[in-house]
Amino acid sequence: MLAIVALTTITTARAAVVEEIPTTPLRRSLGAHLFFPRDGVTDPFTASFVASSSGVATGSATGPTFDLNGNPVNVEDYKILSYSQLFTGQWGIAEFWALRLRVLGSVYTGTNAPGVVGVGVNGLVRGSVGTTFGFQLSHNLRLGAVIDVAWGPSVAISILDSIRQSISEGSVQTPVLNTYSTTVTPTLSLAWTITRGWGALFNASYANGVVEVNQGTSDTDMALFQAAVEVDLRELGSIPLGIGLDYSAGYSLGRTRFRRYVAGVGLFYTGRPGLTVGLDLGYRRAPLGSRDIFVSSFSGVFSLRYTFD
């Protein structure tokens, strides 16, 4: 009887040891920390995944109102509401290389009278292809080069622009404006595992956009800088909750005026390494398209992602 008990104990112990032997490290792991993915935060990892994100934002801006001759007569508060849907897929071809595809749809509109007149109703669709080359510099540092190319049409229905053009042309003009844009964004991304449970990301990007409108083109260039820090309470022996903070700033090259900044916080379930379910909350201040109107907005993005390796 003692022999049977001893044999059972040894077998159980061996099984426990086998279970504790780590499998092949996940591609998002770096040292003692497994990074969780976040929309809007670039990283140098090459894991294969599929993801879906849905976001809603509400914002306000101060902008002019015009008379029938197109002259500004007053300043009003614009109220704006937007919705976006993003689908992403990435294929990790090798430890150092990945390819990805994205499809984005978004619509935003004014929700009060000045907003409807000044902002109108706008919709856009963007397709995107990208690639990541990532290399581990040490046990807790990984550097990556990320390149994304996005393109697609935008449709804007602007009552204000229609009135101004109609007066200028002396005939009724359509309120619908179609544009097409292409944006190339190379990024240098650094991931750093600070210690068990803690990680940080640092990104420097350059974005070049070309917008085609009315058989003409215009260029925009912007430098963007981003920093993010995250903690996974599960790795610290607590609840399966990941918390992330991020801040980014963008500056239009060739112009001294400030262009954009974004601050965000994310909450994520980390109970299963391959599954990411979470909510990103953000504050953003940025210009509204090409208009000299700056919008302050609050957003919430729900994301669902499954990582294969």
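Here are the numbers for this structure:
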| quantity | calculated |
| --- | --- |
| Candidates ALA61, ALA98 - the one that is assigned to a strand (DSSP E or B), buried (at least 19 other Cβ atoms within 10 Å of the Cβ) and at pLDDT below 90 | ALA61 |
| Residues being hydrophobic (A, V, I, L, M, F, W, C) and modelled with pLDDT of 95 or more - total across region 263-309 | 11 |
| Filter result for ASP232 (buried (at least 18 other Cβ atoms within 10 Å of the Cβ), modelled with pLDDT of 95 or more and over 16 Å from GLY40 (Cα atoms)) | yes |
| Pick from region 157-181, criterion touching a strand residue (DSSP E or B) at 6+ places or on another chain (Cβ under 6 Å) and surrounded by 15 or more Cβ atoms within 10 Å (Cβ to Cβ), ranking: modelled with the lowest pLDDT | PRO175 |
| Any pair with Cβ under 7 angstrom, 6 or more apart, that starts in region 96-107 at a residue that is without any contact (Cβ under 8 Å) to a residue 60 or more places away in the chain and ends at one that is surrounded by 17 or more Cβ atoms within 10 Å (Cβ to Cβ) and not in a strand (DSSP E or B) | PHE96/THR46; TRP97/THR46; ALA98/THR46 |
| Test set (1) exposed (fewer than 14 other Cβ atoms within 10 Å of the Cβ); (2) not in a strand (DSSP E or B) - VAL56 fails condition number | (2) |
| Region 112-142 - residue that is hydrophobic (A, V, I, L, M, F, W, C) and loosely packed, with under 15 Cβ neighbours inside 10 Å and, of those, nearest to GLY40 (Cα to Cα) | VAL129 |
| Single unsatisfied condition, ARG272 versus (1) touching a strand residue (DSSP E or B) at 6+ places or on another chain (Cβ under 6 Å); (2) surrounded by fewer than 15 Cβ atoms within 10 Å (Cβ to Cβ); (3) closer than 26 Å to THR307 by Cβ | (1) |
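The values are calculated or read from the model by the stated rules, or taken from the named source; none is laboratory data. In this text the structure is predicted, and so the values were computed from the model without any measurement. Using ideal geometry, Cβ is built from the backbone for each residue, glycine included, and neighbour counts are taken over all protein chains shown.
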